[in-house]
Structures are given as C-alpha cells and as structure tokens.
Amino acid sequence: MTLLRLSGIGHRFPNGVEALAGVSLAVARGELLCLLGASGCGKSTLLRIAAGLVAPTEGAVEWPEGRPREIGFVFQDPTLMPWARALENVALPLRLAGLARAEREARAEAALAALGLRGFERALPRELSGGMRMRVSIARALVTEPDLLLMDEPFAALDEVARMRLNDEILALKGARGVSVLFVTHSLLESAYLADRLVVLAPRPGRVAAELRFDAVPRGPGFRATPGFATRLAEATAALEAAS
Amino acid sequence: MTERLAPVVLGILVLLGWEAALRVFAVPPWILPGPVAIAEALVADWPLLFRSLLMTLRIALLALALAVAAGVLLAVLFAQSRWLERALFPYAVILQVTPIVAIAPLILIWVDSVPVALLICAWIVAFFPILSNTVLGLNSADPNLRDLFRLHGATRWQTLRLLRLPSALPFFLAGLRVAGGLALIGAVVAEFVAGAGGAGSGLAFRILEAGYQLRIPRMFAALALISAAGIAIFAALGWVQRRALRRWGTSEE
C-alpha cells in the first residue's frame with residue numbers, strides 16, 4: 001500500500017543550482033522512511049516538494065490512494081508563533097480549517113498531553129526549553145491526525161538526551177496512530193534507530209545512492225545497546241560513506 | 001538606581017550653573033533668561049501657554065492617529081499586491097524626503113483652514129515611518145510559518161490576521177514611536193510657516209509672538225513646553241510598546 005510516490009524528481013533553483021536529479025522513492029502506509037544525507041544534498045527540498053510547497057522542475061508527486069486530507073510538517077526549528085501560547089500554536093492548523101474554538105482547544109490539549117506537555121498549555125514559546133518547543137511543534141503537526149508526517153531534521157538542534165527521548169516518542173506515536181513518516185536527517189544514529197527503511201542521498205545534485213531495508217524489530221530505550229542496532233549503524237555508515 | 005538618577009542630577013547642576021552664570025555676569029533677560037525667569041513666565045502665562053499647548057498637542061495627536069490609520073491600511077494593501085507596492089512606494093518616499101518646511105507654504109495656500117493645513121503637514125511627516133515599518137513587519141513573517149499556513153490551506157485573510165499582522169506588531173510599534181515625535185515636529189514647523197495668530201494658536205505661534213514682543217522668558221517657556229510634550233509622547237508610546245510586546249519577551253529600548 002503505497003501512500004506517496006515520488007517519480008524522477010528533479011529540481012533546479014531559479015539561480016541555476018541543480019538540487020535534485022532523478023529521485024524516485026515511495027513511502028508505504030504506516031512506514032517510517034528515513035532520508036539520510038550530508039548537508040546540501042537536497043533533503044529539505046525533497047520534503048518541501050512532497051508537501052506540495054515547492055513544484056519540482058521535473059518528475060511527479062503521486063498519491064496512489066489520493067492525497068491525504070491532512071499532512072503534518074515539522075521544521076528544523078520549532079517555528080512557533082512567539083506571540084501565541086502553546087495551546088494556540090498547537091490549535092493553529094485546526095483554526096485554519098475553521099473548527100470551533102471548543103473543539104480545537106480540546107484536541108490541542110490532547111495533542112500536547114500526548115507529547116508530555118500537560119500543564120504547559122498557557123506557556124509562551126520563550127518560556128519553554130528547546131526540547132519542549134520542539135514537542136509543541138510536533139503536537140501541532142499531529143493535532144490534525146495526519147496520514148503522513150514530514151519531518152525536516154527536527155531534532156538537529158537538540159542535545160543527545162532530548163533527541164533520544166524524542167526519537168522514542170516518535171516511534172511510539174507512529175505505532176499508536178499508524179501515521180506514515182518521511183524523516184529527513186543527517187544523523188547516522190538517528191536514522192539507524194528510527195528507520196523502517198533508509199534511503200541514502202548523494203549530494204550535488206541530490207540523488208538516491210542506496211536503499212536499506214531494516215528488519216522490523218521492536219525498538220525502545222534498550223535497543224541502542226544491542227548488536228542488532230550496531231549492525232544497522234554499520235550498514236548505514238557504509239552506505240553514507242559510499243555515497244559521499 | 002544611581003544610573004537612573006544621573007540625568008536628573010546633571011540637569012539640576014546645569015540649571016544651577018546656568019542661573020549662577022547669568023547672575024555673576026549680569027546677563028539681561030532679553031538676551032538669555034535664566035531658569036527662574038523662565039519658570040516665572042511659565043506660571044504667569046500659564047492660561048495662555050496651556051491653551052496653546054493643547055492646540056499643538058491636539059494637532060500632533062490627531063495627525064498621528066491619521067498617520068497610523070493611513071500607514072497601516074496602505075501597508076496592508078502593499079502586502080496584498082507587490083505591484084501596488086512597486087507603483088506607490090516611490091511616491092511615499094518622495095513625500096518623506098521633501099522637507100516639510102518647503103511643502104508647508106503650498107499646503108497653507110491650498111487649504112483655507114489653518115488647523116487643517118497644520119494637520120496635513122504633521123500627517124505627512126508622521127505617515128512614512130508607520131508605513132515603511134509596517135510594510136517591513138508584514139514581510140518579516142517567518143518563511144516556515146508562511147509555508148505552514150499554505151500547507152494547511154490558509155486564506156489570505158487568515159494569513160494576514162493570524163500571521164502577518166502579529167509579525168508586524170514590533171516593527172509597527174517602533175515606527176509609531178518615531179512617528180509620535182515627528183508628528184509634533186511637523187505640527188510645530190507648519191505653524192511657524194503659517195505664522196497664524198488668534199485664539200486657536202499653538203505653541204509655535206507663541207514663540208514667534210513672544211520673539212516679536214521681546215518677551216524672551218515666555219519664548220523659552222513655550223519652548224520648554226514643546227520639549228515636555230515631545231518627551232511625554234515618546235514616553236507614552238514607549239510604555240505602549242513595552243506593554244504590547246510583553247509576550248515577545250523583548251523590550252526594545
């Protein structure tokens with residue numbers, strides 16, 4: 001069951017720089033696909049193309065089962081409205097969809113609670129830590145109960161502990177809601193941990209260099225210490241080295 | 001606390017030195033009056049000066065209000081249409097760079113009512129900082145947030161109201177603070193050009209009048225009132241700015 005298929009995507013910026021060339025990949029329903037690559041290999045552009053925010057100069061974005069009603073997008077920065085409280089930030093997509101205040105607030109509260117932010121509904125972004133801001137941002141992406149979650153290096157600015165914890169939470173949320181995730185990262189550890197499938201991009205112009213499918217094993221806080229994880233990491237590292 | 005008191009202490013020392021120097025060198029008050037003579041004039045002429053102060057303030061504040069209305073409205077229009085911005089912005093710049101003293105005589109010829117002419121002059125100078133800052137602010141919205149609004153199918157109106165106007169607020173308020181001072185200057189300069197007299201005169205005319213009559217202390221008293229009015233406007237707008245931006249957690253001093 002393919003949710004999203006990118007076929008032969010090429011993109012050239014107006015300044016002539018070729019960001020992507022002939023990228024084809026598919027995201028299956030309920031799958032977490034990691035896009036791994038060095039900075040400047042067009043990962044973010046590919047994600048924006050998938051979201052429909054950028055029209056590719058070549059190729060096509062296809063939705064075999066129809067474009068999902070809701071897509072969630074998490075940026076590299078929390079990208080919150082500094083003047084709005086956590087609850088208002090999370091409720092924003094519902095507000096844009098025209099939902100009544102009572103309903104959107106109830107759903108935003110539930111989304112915040114799912115990210116462990118119960119009690120912080122009234123907090124302003126500046127009153128929260130970097131990790132908490134990112135949780136608000138993820139809650140905002142999940143509040144519409146999207147079929148697809150697009151994440152653009154969401155944890156790149158966080159410390160290792162916060163990042164590991166959020167990685168676990170992403171897997172838990174994915175398991176609980178059956179949401180498909182296209183996860184862009186430049187972190188080997190993160191991709192080896194999260195991915196059901198891993199696509200390695202080679203830079204300038206961005207193109208698919210390798211694709212790894214990992215065994216479906218349950219992951220959790222202890223998984224990083226297992227030989228299974230070490231094998232994944234070694235495979236991912238080898239693929240990334242070969243690509244760059 | 002000592003830092004806050006520093007300007008007060010300095011001011012008192014300067015006033016004392018000023019008064020002492022005048023007495024030591026026996027400078028006559030029609031050359032340079034001392035703080036005491038100025039204060040006496042301020043008290044003696046208070047009814048007259050206060051009426052003029054209200055007149056000048058009324059024009060400055062009304063001009064500021066109209067500048068806010070026109071500046072924000074035009075900025076929002078510019079934000080909706082890049083074409084309109086390209087077409088009109090150069091003329092707003094021309095309005096800004098042409099000295100108000102040079103335009104004021106023309107406006108006084110074209111407009112019969114002196115207060116209305118003064119209002120127009122003050123409006124012209126106060127308008128531009130509001131317009132340019134608000135345009136800048138409306139375009140300063142986080143590009144990722146704009147993408148997010150697009151992704152969720154926001155309408156133009158939603159994007160304006162929920163994203164672009166709030167993003168513009170800090171810029172608008174900084175412009176407002178500049179415009180407040182300029183509105184007062186515009187009102188005073190235009191009145192100097194008009195040189196109008198009568199019951200409805202503002203402080204600038206009191207300065208001219210006192211100059212003709214060689215009532216130099218009154219001249220200084222009127223000048224002090226203009227300064228005080230300018231400081232009051234600046235401080236009041238600063239207070240508005242800090243209150244409105246509390247959520248941003250930044251105080252732009």
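The values are calculated or read from the model by the stated rules, or taken from the named source; none is laboratory data. Everything quoted here is computed from the prediction, not taken from an experiment. Cβ placement follows ideal geometry from the backbone for every residue including glycine, while neighbour counts extend to all protein chains displayed.
When B:I103 is tested against (1) within 14 Å of chain A (Cβ to nearest Cβ); (2) free of Cβ contacts under 8 Å to residues at least 24 places away in the same chain, just one condition goes unmet, and that condition is (1).
Can you say whether B:F192 is at pLDDT 90 or above and either away from every other protein chain (no Cβ under 14 Å) or closer than 21 Å to B:D45 by Cα (or both), as far as the supplied structure shows? No; evaluated as a whole, the condition is false for this residue.
Just one of the listed residues (B:V27, B:V93) is among the aliphatic types (A, V, I, L, M) and assigned to a loop (DSSP other than H, G, I, E, B), and it is B:V27.
Pairs meeting the criteria (first residue in segment A:126-151 and closer than 24 Å to A:A100 by Cβ and among the polar types (S, T, N, Q), second residue part of a helix (DSSP H, G or I) and modelled with pLDDT of 90 or more, beta carbons under 7 Å, at least 6 apart or on different chains) are A:T144/A:P93; A:T144/A:L94. Any residue in segment A:115-130 that is more than 14 Å from every other protein chain (Cβ to nearest Cβ), in a helix (DSSP H, G or I) and of a type in the set (G, A, S)? Within segment A:115-130, one or more residues are more than 14 Å from every other protein chain (Cβ to nearest Cβ), in a helix (DSSP H, G or I) and of a type in the set (G, A, S). When B:I233 is tested against (1) modelled with pLDDT under 90; (2) crowded, with 19+ Cβ neighbours inside 10 Å, exactly one condition is not met: (1).
Among the residues that make up segment A:75-95, is at least one of them assigned to a loop (DSSP other than H, G, I, E, B), touching a strand residue (DSSP E or B) at 6+ places or on another chain (Cβ under 8 Å), within 12 Å of another protein chain (Cβ to nearest Cβ) and in contact (Cβ under 8 Å) with a residue 60 or more places away in the chain? Yes, segment A:75-95 contains a residue that is assigned to a loop (DSSP other than H, G, I, E, B), touching a strand residue (DSSP E or B) at 6+ places or on another chain (Cβ under 8 Å), within 12 Å of another protein chain (Cβ to nearest Cβ) and in contact (Cβ under 8 Å) with a residue 60 or more places away in the chain.
Just so you know, in segment B:133-144 the residues that are surrounded by fewer than 20 Cβ atoms within 10 Å (Cβ to Cβ) and part of a helix (DSSP H, G or I) include one that is nearest to the chain's Cα centre (by Cα), and it is B:L136.
When the residues of segment A:195-211 are filtered to those that are part of a loop (DSSP other than H, G, I, E, B) and more than 21 Å from A:K174 (Cα to Cα), the one that is nearest to the chain's Cα centre (by Cα) is A:P203.
Has segment B:55-77 got at least one residue that is in a helix (DSSP H, G or I), among the β-branched types (V, I, T), surrounded by fewer than 18 Cβ atoms within 10 Å (Cβ to Cβ) and in contact (Cβ under 8 Å) with a residue 40 or more places away in the chain? Yes - at least one qualifying residue is present in segment B:55-77. Against the list (1) within 12 Å of chain A (Cβ to nearest Cβ); (2) assigned to a helix (DSSP H, G or I), the condition B:V116 fails is (1). Counting only residues that are of a type outside the set (A, V, I, L, M), farther than 13 Å from A:P205 by Cβ and over 15 Å from the mean Cα position of the chain (by Cα), how many does segment A:9-40 have? Going through segment A:9-40 one residue at a time, the tally reaches 4.
The set of residues in segment B:155-177 that are touching a Leu at 6+ places or on another chain (Cβ under 9 Å) and away from chain A (no Cβ under 14 Å) comprises B:G175, B:L176, B:R177. Checked against the criterion of being within 23 Å of B:N144 (Cα to Cα) and modelled with pLDDT of 90 or more, the candidates A:L33, A:L20, A:L6 yield just one match: A:L33. Applying the selection to segment A:10-56, what residues are of a type in the set (S, T, Y) and within 27 Å of A:P146 (Cα to Cα)? Matches in segment A:10-56: A:S24, A:S44, A:T45.
Just one of the listed residues (A:G66, A:G72, A:G22, A:G42) is of a type in the set (G, A, S), buried (at least 16 other Cβ atoms within 10 Å of the Cβ) and away from chain B (no Cβ under 14 Å), namely A:G42. Looking at A:E18, A:E58, A:E31, just one residue is within 23 Å of A:A216 (Cβ to Cβ) and of a type in the set (D, E), and that residue is A:E31.
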